[in-house]
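Reading through the structure tokens given below for one structure.
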Amino acid sequence: MNSINDCRKPEELIVAGFGGQGVLSLGMTLAYAGMVENKEISWMPSYGPEMRGGTANCIVIISDNKISSPILSQFDSAIVLNQPSMDKFAPRIKPGGLLLYESGNIFKPSIRTDIDIIGIPATTEALKMKNTRTMNMIMLGAYLQLKPVVQNDSILEALAKVLPEKYHHLLPINRQALELGETLARQLKEPVS
Amino acid sequence: MSEFKLMKGNEAMAEAAILAGCDAYFGYPITPQSEVLEYLAREMPKHNRIVMQAESEVASINMVYGAAGAGFRAMTSSSSPGISLMQEGISYIAGAELPCLIVNVNRAGPGLGTIQPGQGDYFQSTKGGGHGDYKMIVLAPASVQEMADFVFLGFDLADKYRNPVLMLSDGAIGQMMEKVQFKPYTRPETDKSSWATTGKPRTRNRNYITSLHILPEKMEIHNLKLEEKFKKIRENEVRLEEMNTADAEYLFVAYGLSARICQKAMDIAREKGIRIGLLRPITLYPYPYRRLLELAGQVKMMLSVELNSGQMVEDVRLAVEGKVPVEFYGRMGGMMPTPEEIVHHLETLIQYHHAN
């Protein structure tokens with residue numbers, strides 16, 4: 001892995017998938033956690049025709065300095081949850097960057113060799129947890145294990161803010177999902193002996 | 001200082017309206033600004049304020065006309081097609097000299113166009129839009145924080161000049177989330193008793209609000225009075241932001257979202273050794289002509305970047321009086337240029353001007 005926690009450099013991330021997979025809330029949770037840590041943040045959603053029955057994405061920027069453009073064409077990292085997003089955004093990751101994908105929904109990952117490409121079976125794992133909607137949090141947990149751009153505590157605080165109060169009974173399972181994602185990514189990172 | 005919140009531009013604007021003491025909001029839903037009506041419909045009644053979903057934008061703006069005439073802080077918001085429908089009402093409000101705040105979360109046109117961001121309403125906003133000789137003060141936010149701040153500023157300027165103020169945002173600034181802080185606000189004292197129709201006591205004459213002055217002699221006097229006001233606005237209310245202009249050989253001129261994208265383009269260009277700065281007009285009316293003319297004596301070329309076919313570039317050209325080449329780069333249809341794309345265009349232009 002490349003050096004991943006250079007706090008001077010902003011993190012420019014795109015999260016993309018089908019509508020309903022939790023793309024926007026994944027990005028929002030991360031952005032909120034950035035704010036908890038007094039960082040500069042921006043969260044730019046796609047709200048266009050693609051949102052109305054197709055792919056959704058959001059660009060999240062977390063930085064120690066003021067953020068210039070919220071619209072980007074190149075990214076440090078991508079979290080992709082479906083094949084069209086893989087096809088669209090894999091070419092737009094900067095060399096040395098991270099491509100994290102949901103391996104249950106994506107059968108043809110990118111063949112680039114100049115970036116780190118890591119698949120997480122988050123849907124399968126979410127099914128095991130008996131709540132498929134935790135899939136996005138498993139992905140977020142895995143991402144944070146690989147790119148610790150914010151602290152764990154901040155994410156937990158963010159989760160409580162992003163999740164509407166009537167869903168707060170789901171906080172524990174979301175926390176579990178985050179931890180599971182971290183574990184999965186850690187296991188994948190460790191060399192097989 | 002109050003704490004930071006994570007909000008969409010549209011939500012921040014709506015919350016600011018409540019904090020600024022907006023008495024009444026009239027609107028009709030349209031993407032990409034429907035969050036404003038949603039937010040205010042939920043929150044305004046808690047503060048005993050009026051929110052009404054009108055039957056159309058034509059009705060919204062005329063409700064604003066009525067509420068403003070009665071001395072209330074009134075506001076509406078919409079996106080491009082809806083703002084087009086409001087133009088008659090805006091002209092009447094300007095003619096009747098009433099303060100109000102209008103927000104346009106610009107989407108790409110013409111016609112229904114698309115719901116994606118655009119800046120194609122620059123001419124409509126700054127050069128009239130409705131009929132007759134009038135001007136609105138036009139504020140162009142480039143961040144969620146400014147979406148909030150300019151509500152307070154907008155209402156205050158509207159009261160100060162008894163003139164409609166337009167906040168010209170765009171779909172991206174309206175939809176994106178950033179952190180925002182609501183600063184403590186003290187509303188300036190304004191005495192509306194000499195004109196607002198609040199019910200006539202025996203102690204004064206009737207207050208009468210109209211934009212009709214049927215005698216040409218009287219109408220011209222009214223026109224001249226308005227022109228005097230617009231002159232005062234031009235002298236006192238120009239606002240702009242400069243970045244890296246001190247040593248600039250080239251200059252981006254851009255507002256709103258385009259200015260944000262140009263900041264990134266500026267960083268990339270400077271890494272390549274191109275000394276470029278950015279002038280961001282914050283008020284589109286009044287326009288920072290004077291500062292651009294000064295910079296025309298310093299830089300070799302200006303490049304106006306807009307989400308349209310080239311509208312503000314005309315004001316940049318007016319400003320520099322032919323002293324320096326003024327170029328344009330833009331995308332339309334809800335497409336947004338990437339920073340890299342702008343730098344590429346800049347490099348091509350520099351080469352071209354160097355060769356000629």
task = Could you check which residue among A:Ser154, A:Ser69, A:Ser25 shows the biggest mean-square fluctuation in a GNM of chain A with a 10 Å Cα cutoff?
result = A:Ser69
key: Chain pair B, A: total accessible area buried, heavy atoms, 1.4 Å probe, Å²   = 2100
query = Counting each DSSP H run of 4 or more residues in the protein assembly as shown as -39500 (n - 2.57), what helix-only mean residue ellipticity at 222 nm follows after dividing by all residues, to the nearest 500 deg cm²/dmol?
reply = -12000 deg cm²/dmol
request  = Would you mind giving the three semi-axes, in whole Å and largest first, of the ellipsoid equivalent to chain A according to its Cα gyration tensor?
outcome  = 21, 20, 18
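For the stretch B:241-355, what does the accessible surface come to per residue with a 1.4 Å probe? Please give it in Å². Could the numbers behind the result be given before it?
Details: 4600 Å² over 115 residues.
About 40 Å² of surface per residue is accessible.
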message = Under 5 Å between amide hydrogens, which residues at least 5 positions from A:Ile117 or on another chain qualify, with H placed 1.01 Å from N in the peptide plane?
response = A:Leu99
remark   = Computed from every Cα-Cα pair in the stretch B:135-206, P(r) in 10 Å bins starting at 0 and rounded to whole percents is 17, 36, 27, 14, 6, 0
task = Kindly flag which residue pairs out of A:Lys39/B:Lys183; B:Lys127/B:Lys160; A:Lys39/A:Lys94; B:Lys179/B:Lys300; B:Lys179/B:Lys232; B:Lys8/B:Lys46 have an alpha-carbon separation exceeding 26 Å in this structure.
result = B:Lys179/B:Lys300; B:Lys179/B:Lys232
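Cβ neighbours within 10 Å, averaged per peptide: list B:73-82, B:125-134, B:55-64 in order, most packed at the top.
So the peptides B:73-82, B:125-134, B:55-64, ranked by packing, come out B:73-82, B:55-64, B:125-134.
What fraction, in whole percent, of alpha-carbon pairs in chain B exceed 31 Å separation?
That fraction is 35 percent.
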task = Return the average number of partner chain Cβ atoms within 10 angstrom of each residue Cβ along peptide A:29-42.
result = 3
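Regarding the stretch A:24-123, what is the average projected area of its C-alpha convex hull, in nm²?
It is 6.8 nm².
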message = With Kirkwood's inverse mean 1/r over C-alpha pairs for Rh, give me the Rg to Rh ratio of the protein assembly as shown, two decimals please.
response = 1.01
key: For chain B, built as a Gaussian network whose Cα springs stay under 10 Å, the top-fluctuating residue of B:Val165, B:Val299, B:Val253   = B:Val299
query = What's the average, rounded to a whole number, of partner chain beta-carbon atoms within 10 Å of each residue's beta-carbon in B:3-12?
reply = 2
request  = Return, for the Cα atoms of the stretch B:241-355, the radius of gyration and Dmax in Å, separated by a comma.
outcome  = 12.7, 36
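Which percent of the accessible area of the stretch B:241-355 is formed by carbon and sulfur heavy atoms (probe 1.4 angstrom)?
51
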remark   = Counting all Cα-Cα pairs in the stretch B:66-172, those more than 22 Å apart amount in percent to 25
DSSP-loop GluC sites (Glu not before Pro) across the stretch B:177-226, with at most 10 other Cβ within 10 angstrom = B:Glu189
request  = Please go through the stretch B:265-356 and write out the GluC sites (Glu not before Pro) that DSSP classes as loop and that have at most 14 other C-beta atoms within 10 Å.
outcome  = B:Glu321
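The values are calculated or read from the model by the stated rules, or taken from the named source; none is laboratory data. Everything numeric in this text was worked out from a predicted model, so none of it was measured. Note that we place each Cβ from the backbone using ideal geometry, even for glycine, and neighbour counts take in every protein chain shown. Just so you know, the surface numbers come from the protein's heavy atoms only, side chains and all, with ligands and any DNA or RNA stripped out. Shrake-Rupley method; radii C 1.70, N 1.55, O 1.52, S 1.80 Å.
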